[in-house]
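Let me begin by presenting the structure, written as structure tokens, before commenting on it.
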Amino acid sequence: MSTSPIQRQRLSLRGQVQGVGMRPFVCRLAQELDLAGWVSNTPEGVVIEAEGNEAALARFARRLTDEAPPPARIDECSAMPLAATGQESDFRVVPSRNDGAPEPCVPPDLAPCADCLRELSDPADRRYRYPFLSCTACGPRYSIVRSLPFDRERTAMAGFALCPDCRREYENPADRRFHAQTTCCPACGPQLALWDSQGISLAEGDGALRLAVERLRQGAIVALKGVGGFQLLADAGNSAAVEQLRTRKHRPAKPFALLADRTMAERLCRVSEEEIALLLEPAAPIVLLRRRKEEIVGTTHSGPLSLRERARVRGAQRGTFISAQTHDLDLPHPNPLPEGEGARREIAPQVAPDLPWLGLMLPASPLHHLLLADFGGPLVATSGNRGGEPICVDENEALARLAGIADLFLVHDRSVLRPLDDSVLRIAADRPLTLRRARGYVPAPVPLAEPLPPLLAVGGHLKNTVALGLGRRALLSQHLGDLDDVLTEQQCGAALQELPRLFGGNPRRLAVDAHPDYASRRLAEAMGLPLLAVPHHLAHAMACAAEHGLEPPFLALAWDGIGLGEDGGLWGGEFLRIDEQGHRRIASFVPLRLPGGEKAVKEPRRTALAAVYDSARLPGANAAEEGHPGLHGVPAGLRAAFSDTELAALLAMLEKNLNTPPCSSVGRLFDAVSALLGLCPVNQFEGQAAMRLEAAAGAFVWNTAADYPAPSATIPLVRDDTGLPRCDWRPWLRNLLRHPAVDDADRAALAYSFHAALADAAPAAARLAALPTVVLCGGCFQNRLLLELCVERLRHAGFDVYWPQRIPPNDGGLALGQLWAARRQAPA
Amino acid sequence: MAHGGGGRLMQQLLELLVRPALDNPWLEQRHDSAVLDCGGTRLAFTTDAYVVKPLQFPGGDIGKLAACGTLNDLAMSGAKPLFLSAALVIEEGFPFDTLRTVLDSLNAAVKAAGAAVVTGDTKVVENGKGDGLYITTSGIGLVEHGLSIGPAAIRPGDAVLVSGDIGRHGVAILSARESLGFATTVESDCADLSGLVGELIAAGIEIRCLRDLTRGGLASAVLELARDAKLDMELIEGAVPVCEEVRAACEILGYDPLYVANEGRMVLFVPQEQAEATLGLLRGHPLGRDAARIGSVIQAGAGRVSLRNAYGGQRILDLLSGEQLPRIC
Ligand SMILES: [Fe+3]
Ligand SMILES: [Mg+2]
Ligand SMILES: [Zn+2]
Ligand SMILES: [Zn+2]
């Protein structure tokens, strides 16, 4: 070995390599292998020059990729031989270069690592109970970045100068905080304070935390400055507190998410291995979990000791205790909850009324860990905003905008630089399914199969996100919200400015939805760049194709709410054939009318009435069903959802075709069936009717041990007068009208039958394309049962099936699809 | 037909085709009527074509509409109406009785305003080539005040008022046309506002801008003014007067009353400190009984108009494309 010549190499690492402890790791590895040289962050990624013998260099390159710290992701490692200099005697971290176009290499915000949690609960550690500790492997990232590359002076930590102790760690290559950009301690870092509603400080530091916990126990609503902005916290076991939060937020029914530890999660919900893995991702997302039955009906759970309880017993023998496996923090509290409370406490029925799922998240920061451990039971943790608005990021803004909602404000002096909502996922078909992509996942880029021209995509109108093309990567912004709201629209405008500023890309064109009235399109028009309009459902399909690196040809099933169709109509149940030549709709659904337009989206009873009205006129319907159903043709259950005046007026509108635009949306069909079964005549929040239909069908599946029976009626394929094949839901509906549900069991069976009939219709229509590959996309595939049934039926019919997993199937993924679709229209 | 709804497509038609073709400084006043200096005398001049189905509706007919529409356009410049012309395009076979009734109501409205129809024209087109009757009226009015009323005079801080409850005309027409069996008691608000405007000017109100509400409703009128004046504005949703029948009808039909047509209502911009006095005067007049302050002009900007709801949230108001296309996904 000693005879091998001294060589020098330049290695360039791209991917998620900054702010994840890459440079300290490189430094330690080089020193271990006796290499000289340096490592630096550059706008192009991490650059290393290493000098030593050939074998050591080879080992260095291999271990670099094999042993990189867990949050890191190396997409590309290129090596270039250089002439050895013999000038250096050691290996150093050299300051960042900041001269070229920056790269998207800031990682998402990371929940605390096991090492930091151990310090947090160790009374002997100088960071014991310090809510802002972090290291190279964890801590705030995108939420605090001002510009790139990711160095302390370009983050919200810039104002916190390192104390001598922290500096020693920062400069010691052997320390795990070597070059940790966000490191700090009680002596030099951010401090906590508890404010009253006037902004007057009631307590500071640990006292603030303890007082907040005490007040939460008394039923107070606390606004917490979290990782990506404010959250509203309340005792999840306190009905009055949760009710109060609903009243103050004007949010009557939409489920609240819970902050819980793993033990609480497992006690409240059935949690699969995949779901545990999702909960434990460094993003600490909200995961939709199925409640245990006893939880739904509210009976007291009794059983063997839970994991946490066992841990507590052992912990009591060993002092404070942290299980790296569960990530649960166990801290002694001066004022513990009485026996039988805490982790074993019931969840107030107001948390998620009438739904069998709970959205749970594990603590995303040390502060959340401390709060939860001190409080000792699950906490409601919902976004800190007034309905429809973006979440507050600044404490003074929160005082104003959350006035009348929060009693207290648990704040600190580290800025949140952009709002990042909590991400929401569920497991479906054994894979993660993203419903809302924000904190913890943004700005991780989406790697692409081929490079994009300089493009910026402005997304849709609701659940808006925007996306930036960066060569072979796309950067999809965090969930921004519904653009009806003035502040949300401003956030969208800000994100369109910010992404190119932070990450470069120099966009020359804007990809927009084809709908003329989307606020995102209006923002795009104001930016003065040429627009490329992408049809709504093509964008849905292309988002999934981009995520999976899927090349045409394929068939996309875009089952969605409403999007503007390419014939000017309202679409949302489309079969799009996408190939090298372009795309073409080869099948659709029989249109359903929307009495009152948008109003019918808010009131599923209206689409239900239209469905009944139009089904009754189906040729082949018996005499009693034919013609105008009048007041008597409407099933009693649905009739009860209207006053006589309303019913007469809506029937007149249907008769005269007055403001009853037709749409081929599967989402609206879900609404109609949900209302027909009496599950949800009027939505209290977006998607409620569909969720309740999924829940009812789930109840059928969960209570039926044997194989699922075939649906009692089907959704056949018929041709309309233009020859376009359409899935015809009317026979299924007429069957329901003939055999109406009389009890919950009937409702569950019919809800399941509807899901199954739709899934059976999928392969029948898919065969028309004569292509082996099928993509499922659109908001309907947020529905786990529908997704799983469709995947199963299509696979059984021999298709290769793809569906969105890390990109939302709903409009939150449109911007990515717009980029991917528009690249064909835009010059490189 | 999507170009006729008073929405964005109509705006585009005007901005891209009509305005450039006819470009001149008077058109650039961007107002309902042009104010022309004729040797020291200021005259307001306007023209409008009227198409409505049905020709007779609760609260009026096409004759009254054709009179009031043009009288109102003159009034929006603060002019006293003097002379009108009327051109009729009649479909062959149109009943004489109806024609006489319509002309009577046209004349009655013009006379009541203290003006006269002094010239006209009549054309008959083949059966099937017109919807019974079209009327085009033009009007000349005298501007006696020294104010410059128009979008350019609006200032940040100005109060935004509306002269009465909104949406009656659109609902009355729809109810009559479709014989819906509800909202049958709603009458069109079709009325001549020139007398009311005259009273405000006589009382010394420093009117900044007036606009009568027509197709596209209150929202479209305010949005156009905001855009032309390059000012951002804020309306308070709960402050906009809507009568119960109109509200209920819109609720069922799925229409937003802010976008429903009116023919006898106007939006007024006055200095903040004169808002109360203006409201007092409006409410003392039969056509302004339900007048209300509905918002404010905020600041110079891109002409954005937001609507503040009861919970403090703010929604963006926007000109819609021809029809109200659902945007919910
Ligand atoms: Fe969509
Ligand atoms: Mg006019
Ligand atoms: Zn850590
Ligand atoms: Zn320190």
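The values are calculated or read from the model by the stated rules, or taken from the named source; none is laboratory data. Since the model is a prediction, treat every value here as computed from it, not as a measurement. FYI the Cβ positions are ideal-geometry reconstructions off the backbone, even for glycines, and counts take in every protein chain you see. Accessible surface areas use protein heavy atoms only, side chains included; no ligands, DNA or RNA. Shrake-Rupley method; radii C 1.70, N 1.55, O 1.52, S 1.80 Å.
Rounded to the nearest 5, the antiparallel percentage of DSSP beta bridges internal to the protein assembly as shown is 75%.
Principal-axis analysis of the Cα atoms of chain A puts helix A:366-375 at an angle of about 70° to the longest axis. Cross-link partners among lysines for B:LYS64, C-alpha distance below 20 Å, same-chain residues fewer than 8 apart left out? Correct list for B:LYS64: B:LYS53, B:LYS80, B:LYS111, B:LYS123. Charge dipole of the range A:588-758 (Cα centre as origin; +1 on each Lys and Arg Cβ, -1 on each Asp and Glu Cβ, all else neutral): 220 debye, rounded to the nearest 20.
For the protein assembly as shown, the share of accessible area belonging to carbon and sulfur comes to 52 percent (1.4 Å probe, ligands and nucleic acids excluded). When you filter the trypsin sites (Lys or Arg not before Pro) in the range A:154-206 for DSSP loop state and at most 11 other Cβ atoms inside 10 Å of their Cβ, nothing is left. If you line up the long axis of helix A:486-503 against the longest principal axis of chain A, both from Cα atoms, how many degrees apart are they, to the nearest 10? Result, in degrees: 40. About the centre of its Cα atoms, the protein assembly as shown shows a dipole size close to 1760 debye [charges on the beta carbon of Lys, Arg (+1) and Asp, Glu (-1) only; nearest 20 debye].
Once you keep just the Cα pairs under 8 angstrom separated by 6 or more residues, what percentage relative contact order results for chain A? Numbers along the way, then the final one.
Details: 1902 pairs, mean separation 96.6, N = 828.
Reported as a whole number, the value is 12 percent.
Taking all Cα pairs closer than 8 Å and separated by 6 or more residues, the relative contact order of the range A:588-758 comes to 28 percent. What range in chain A is the longest one free of GluC sites (Glu not before Pro) that are in a loop by DSSP and have at most 14 other Cβ atoms within 10 angstrom? Segment A:68-338 is the longest. Counting only residues at least eight positions apart within a chain, or on another chain, the aspartates and glutamates with an alpha carbon under 12 Å from that of A:LYS249 are A:GLU389. The amide H of B:ARG42, built 1.01 Å from its N in the peptide plane, has B:VAL143 as neighbours under 5 Å, considering only residues 5 or more places off or on other chains. Accessible surface calculations at 1.4 Å, restricted to protein heavy atoms, place chain A at 36 Å² per residue. Database remark: amide H of A:ILE562 closer than 5 angstrom to the amide H of B:CYS329 (H placed geometrically; neighbours at sequence offset of 5 or more, or on other chains; Pro and chain starts carry no H).
Can you show me the helix-derived [θ] at 222 nm for the protein assembly as shown, built from DSSP H runs with n ≥ 4 at -39,500 (n - 2.57) apiece and divided by the number of residues, rounded to the nearest 500.
Working: 34 runs with 360 residues, N = 1157.
After summing the helix terms and dividing by the residues of the protein assembly as shown, the value is -9500 deg cm²/dmol.
Of A:LYS225/A:LYS254; A:LYS599/B:LYS230; A:LYS463/A:LYS602, which ones are farther than 24 Å apart at the Cα? Spell out each step's value before the answer.
Numbers: A:LYS225/A:LYS254 22 Å; A:LYS599/B:LYS230 32 Å; A:LYS463/A:LYS602 16 Å.
Beyond 24 Å: A:LYS599/B:LYS230.
Within straight-line reach of B:LYS129, meaning a Cα separation under 15 Å, sit the following aspartates and glutamates at least 8 residues removed in sequence or on another chain: B:GLU91, B:GLU92.
Averaged over peptide B:306-318, the number of partner chain Cβ atoms lying within 10 Å of each residue's Cβ comes to 5. With the charge dipole of chain A set up from +1 on Lys and Arg Cβ and -1 on Asp and Glu Cβ about the Cα centre, the Cα lying farthest toward the positive end among the listed residues A:ALA765, A:VAL486, A:ASN506 is that of A:ALA765. Across the range A:6-93, the relative contact order, built from alpha-carbon pairs under 8 Å that are at least six residues apart, equals 49 percent.
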